[in-house]
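Trainee: Okay, handing you the structure first.
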Amino acid sequence: MEYRALGRTGVQVSRLCFGTMSFGGDADEATSRSMFTRCREAGINFFDCADVYAGGKSETLLGKFMAGSRDELVIASKAHFSTGQAPTSRGSTRYHLVRAVEASLKRLNTDRIDILYLHHFDRTTALDDTLKSLELLVVQGKILYPAASNFSAWQTMRALGIAERNGFAPLACLQPMYNLAKRQAEVEILPMALEMGLGVCSYSPLAGGLLTGKYATAGAQGRLVANAMYQVRYGEAVNHDIAAGLNALAREVGQHPASVAVAWVATHPGITAPIIGARNLEQLEPSLKAFDVEMTAELRERVSKLSPAPPPANDRSEEKR
């Protein structure tokens, strides 16, 4: 396993991050533990979670598994989405964030969260106050590095400006969606991250399993069948065409399509570590083998041509970037 610095923090993280969303949900405790152990065997030291995954069970299991190796690991979690029935149990308010972090610390059985992502941009709470809340948690030692998930480039830059103006700890890392079917991050988020020295741990490199090719088989089960959000996200026919093209190319080069899909994401210069996930060891293995793929410039170009590149951020698309 290779390691690299997370943005400008200097913290060395594995080139793959394991997302624990399946822990306590699609994967029972025994299966979850086996995946955690396999990731550690592969050299992964970077684990991603959120307070809403499996109703908090994912954090509880991650905390249980990492008990003997906590100081060898970089642990990320998130807060924003609803954790209860009360109207105050969601958002990026200080009221919610402080309680959410304290609850996550208990479930993770740790004294700090290394990276805390704002799970979504909160349009009803002043960003200044949200960032001040994160600064309070940093000063208290409950989190080490603030971060943001699902933020646009302008939202990120606004947050960085507020933090700089007030002397707050800046956002250290971003977590956007990025895969061969969803390439919007290439337009502004990834160039901005490179310019500003931000780490980027992108999620969904397999497009909810679409890029593995499993949904080309009648009767296939998974998120694109069971989850309405994923049906909307990847339901267009073009996405299935992209998956078919990737699978054909993967067969040609003698690799699993999941390995090629993850390798393609990981080799973008703006990506620190893609977040891989699985429901069992069988699903996990191809993603762990992403760096067995020799992602040459030629192969990367061939993979990239399987999906349309998004237009540039300005209105002069006839000019070279």
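Trainee: Can you give the relative contact order of the chain as a percent, counting alpha carbon pairs under 8 Å and 6+ residues apart?
Mentor: Reported as a whole number, the value is 17 percent.
Trainee: Sorting Arg15, Arg302 on the 10 Å Cβ count, fewest up front, what's the list?
Mentor: In increasing order of surrounding Cβ atoms, one gets Arg302, Arg15.
Trainee: Just Arg123, Arg158, Arg233 to compare: in a GNM of the chain, with alpha carbon springs under 10 Å, which one fluctuates most?
Mentor: Arg123
Trainee: I need the semi-axes of the equivalent ellipsoid of the range 108-153: take the C-alpha gyration tensor, multiply each eigenvalue by 5, square-root it, list largest first in whole angstrom.
Mentor: 20, 13, 8
Trainee: Express as a percent, rounded to the nearest 5, the fraction of DSSP beta bridges in the range 1-83 (both residues included) that run antiparallel.
Mentor: 35
Trainee: So in the range 3-175, what percent of DSSP beta bridges are antiparallel if you round to the nearest 5?
Mentor: So the antiparallel bridges amount to about 15 percent of the total.
Trainee: Given contacts defined as C-alpha pairs under 8 Å and at least six residues apart, what's the relative contact order of the range 88-238, whole-number percent?
Mentor: In percent, rounded to a whole number, it is 16.
Trainee: Quick one: helix 257-266 against the long Cα principal axis of the chain, what's the angle to the nearest 10°, folded into 0 to 90?
Mentor: 50
Trainee: Ratio to report: Rg/Rh of the range 3-175, with Cα atoms as the point set and Rh obtained by the Kirkwood method; give two decimals.
Mentor: Reported Rg/Rh (Cα atoms, Kirkwood Rh): 0.96.
Trainee: Please quote Rg/Rh for the chain to two decimal places, taking the Kirkwood radius as Rh and restricting both calculations to Cα atoms.
Mentor: 0.95
Trainee: Another question, then. Got the relative contact order for the range 3-175 handy, in percent, Cα pairs under 8 Å and 6 or more residues apart?
Mentor: Relative contact order for the range 3-175 comes out at 17 percent.
Trainee: A further question follows. Using the number of other C-beta atoms within 10 angstrom as an exposure proxy, rank Leu281, Leu16, Leu144 with the fewest first.
Mentor: Starting with the residue having the fewest Cβ neighbours, the order is Leu281, Leu144, Leu16.
Trainee: So how do Phe47, Phe151 line up by other beta-carbon neighbours within 10 Å, fewest first?
Mentor: Phe151, Phe47
Trainee: Pick from Met196, Met66, Met229: which residue has the top mean-square fluctuation in a GNM of the chain where Cα pairs under 10 Å get a spring?
Mentor: Met229
Trainee: Pick from Ser14, Ser304, Ser69: which is most flexible by mean-square fluctuation in a GNM of the chain where alpha carbon atoms under 10 Å apart are linked?
Mentor: Looking only at Ser14, Ser304, Ser69, the largest GNM fluctuation is found for Ser69.
Trainee: Among DSSP beta bridges lying fully in the chain, give the percent that are antiparallel, nearest 5.
Mentor: Roughly 15 percent of the beta bridges in the chain run antiparallel, per DSSP.
Trainee: Right, another one. Specify the angular offset, from 0 to 90 degrees and rounded to the nearest 10, of the alpha carbon long axis of helix 94-108 from the longest principal axis of the alpha carbons in the chain.
Mentor: 70
Any read-out appearing in this document is the output of simple, stated calculations on the displayed coordinates, not a laboratory observation. Nothing here was measured: the structure is a model prediction, and the numbers come from that model. Note that each Cβ is placed from the backbone with ideal geometry, even for glycine, and that neighbours are counted across all protein chains shown.
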